[in-house]
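Asks: First the structure, then my questions, so here it is.
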Amino acid sequence: MTIEEKIFKRTIIDFNQLPKFGFTKSGDVWTYSELFMNGDFKAMVSITQQGSMFGTVFETATEDEFLPLRVENMEGFAGEVRAEYQKILENIKANCCRINYFAHPQANRLTQAIYDTFGDEPTFPWDKFDGYGVFKNPDSKKWYALIMTIDRSKLDKKLSGEIEVVNIKLDEAKIPELHKQNGFYPAYHMNKKSWITITLDDTVPDDVLFALVNESHAFTLGKHKRRQA
């Protein structure tokens, strides 16, 4: 993951703010430049209309790209340059971005659907796992959904790469049949009899996903409310 990807993870670019910050547009690309380290370096940050971001740091004296920037855990002078470049990116983030709780669009659509239906927003209780968002009923304090960023190999050893998934609770009799369908897996790190993992990569259609999450939410209601629901 690049420096830019780490800093702008779970954010949405507010394109209306880019020209106010100092970005200029050419075609479908917005570009911003800034001198730093007493003018010895120049950062060039570009954002496409689709929201992709990439950046380059040049040494102003030679106009050569400063390649040590991309070496993680670099100490000394190169580490200082990297840290100052990160400050520039953080400033762009603070002024030109909105929070996007999760990385994949389907995860954010689900988050919005949960808020629209139940008024609940995710909480992120673990510093070590900052991509793990918990949805719980504020009345019963019971969980009904957990969105996580995991490696695909946790679900299928033949696959790799980061993916967002959601764990939900369902009727135990329903889970075995769902396992036969694409996008459904035995619950990752939870009781596999009553919980199931669903990939949030659009394999499962939104209407199916949202309906199942509603079923999971029903388990957080008291018996009286559950009969009324």
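Asks: I'm trying to understand the selection: among the residues of the stretch 23-38, which are surrounded by 14 or more Cβ atoms within 10 Å (Cβ to Cβ) and within 27 Å of the chain's Cα centre (by Cα)?
Replies: Step one: of the stretch 23-38, the residues surrounded by 14 or more Cβ atoms within 10 Å (Cβ to Cβ) are 23, 29-34, 36-37.
Selection gives PHE23, VAL29, TRP30, THR31, TYR32, SER33.
Asks: Just give me the residues in the stretch 154-171 being over 15 Å from VAL204 (Cβ atoms), surrounded by 12 or more Cβ atoms within 10 Å (Cβ to Cβ) and either free of Cβ contacts under 8 Å to residues at least 12 places away in the same chain or acidic (Asp, Glu) (or both), in sequence order.
Replies: Going through the stretch 154-171, the residues over 15 Å from VAL204 (Cβ atoms) turn out to be 154, 156-162, 169, 171.
Cutting the leftovers down to surrounded by 12 or more Cβ atoms within 10 Å (Cβ to Cβ) gives us 154, 162, 169.
Scanning the stretch 154-171 gives a single hit, GLU162.
Asks: Oh, and also: If you check GLY22, GLY76, GLY39, which single one turns out to be touching a Ser or Thr at 6+ places or on another chain (Cβ under 7 Å), over 27 Å from GLY131 (Cβ atoms) and not assigned by TED's automatic domain parsing to the domain that holds PHE124? Break it down stepwise before answering.
Replies: Working: GLY22 fails: touching a Ser or Thr at 6+ places or on another chain (Cβ under 7 Å); GLY76 fails: touching a Ser or Thr at 6+ places or on another chain (Cβ under 7 Å).
Selected residue: GLY39, the only one of GLY22, GLY76, GLY39 that is touching a Ser or Thr at 6+ places or on another chain (Cβ under 7 Å), over 27 Å from GLY131 (Cβ atoms) and not assigned by TED's automatic domain parsing to the domain that holds PHE124.
Asks: Which one of these does PRO125 not meet: (1) modelled with pLDDT of 95 or more; (2) within 19 Å of the chain's Cα centre (by Cα); (3) outside any strand (DSSP E or B)?
Replies: Answer for PRO125: the failing condition is (1).
Asks: I need the strands (runs of 3 or more DSSP E) fully contained in the stretch 7-104, keeping only those with at least 2 residues that are free of Cβ contacts under 8 Å to residues at least 12 places away in the same chain. Before the answer, list the steps.
Replies: Working: elements: 11-13, 24-26, 29-36, 41-48, 53-59, 97-99.
Here the list reads 24-26.
Residue-by-condition table, conditions (1) more than 28 Å from HIS104 (Cβ to Cβ); (2) surrounded by fewer than 15 Cβ atoms within 10 Å (Cβ to Cβ); (3) modelled with pLDDT of 95 or more:
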{"residue": "GLN49", "(1), (2), (3)": "no, yes, no"}
{"residue": "THR62", "(1), (2), (3)": "yes, yes, yes"}
{"residue": "ASN73", "(1), (2), (3)": "yes, yes, no"}
{"residue": "PHE77", "(1), (2), (3)": "yes, yes, no"}
{"residue": "GLN86", "(1), (2), (3)": "no, no, yes"}
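Asks: Considering the stretch 190-200 alone, what residues qualify as being farther than 11 Å from LEU170 by Cα and either within 20 Å of the chain's Cα centre (by Cα) or of a type in the set (Gly, Ala, Ser) (or both)?
Replies: Correct list: ILE198, THR199, LEU200.
Asks: Checking the structure you have, find out if any residue of the stretch 102-122 is charged (D, E, K, R) and surrounded by 15 or more Cβ atoms within 10 Å (Cβ to Cβ). Walk me through how you get there before you give the answer.
Replies: Initially, the stretch 102-122 is screened for residues charged (D, E, K, R), giving 109, 116, 120-121.
Narrowing further to those that are surrounded by 15 or more Cβ atoms within 10 Å (Cβ to Cβ): 109, 120.
Yes, the conditions are met somewhere in the stretch 102-122.
Asks: Ok, one more. Among (1) among the acidic types (Asp, Glu); (2) under 15 Å from ALA107 (Cβ atoms); (3) surrounded by fewer than 13 Cβ atoms within 10 Å (Cβ to Cβ), which single condition is ASP139 missing?
Replies: Failing condition for ASP139: (2).
Asks: Only one of LYS20, LYS9, LYS25 is under 30 Å from PHE124 (Cβ atoms), among the charged types (D, E, K, R) and modelled with pLDDT of 95 or more; which? Before you say what the answer is, go through the steps one by one.
Replies: On the way: LYS9 fails: modelled with pLDDT of 95 or more; LYS25 fails: under 30 Å from PHE124 (Cβ atoms).
None of the others qualify; the one that does is LYS20.
Asks: So is TYR132 surrounded by 12 or more Cβ atoms within 10 Å (Cβ to Cβ), under 29 Å from PHE8 (Cα atoms), touching a Ser or Thr at 6+ places or on another chain (Cβ under 9 Å) and touching a residue at least 40 places away in the same chain (Cβ under 8 Å) or not? Let's see the steps before the verdict.
Replies: Details: surrounded by 12 or more Cβ atoms within 10 Å (Cβ to Cβ): yes; under 29 Å from PHE8 (Cα atoms): yes; touching a Ser or Thr at 6+ places or on another chain (Cβ under 9 Å): yes; touching a residue at least 40 places away in the same chain (Cβ under 8 Å): no.
Spelling it out, it is not the case that TYR132 is surrounded by 12 or more Cβ atoms within 10 Å (Cβ to Cβ), under 29 Å from PHE8 (Cα atoms), touching a Ser or Thr at 6+ places or on another chain (Cβ under 9 Å) and touching a residue at least 40 places away in the same chain (Cβ under 8 Å).
The values are calculated or read from the model by the stated rules, or taken from the named source; none is laboratory data. The model shown is predicted, which means the values in this text are computed figures rather than measured ones. Cβ coordinates were reconstructed from backbone atoms using ideal geometry, including for glycine residues, and neighbour counts include every protein chain displayed.
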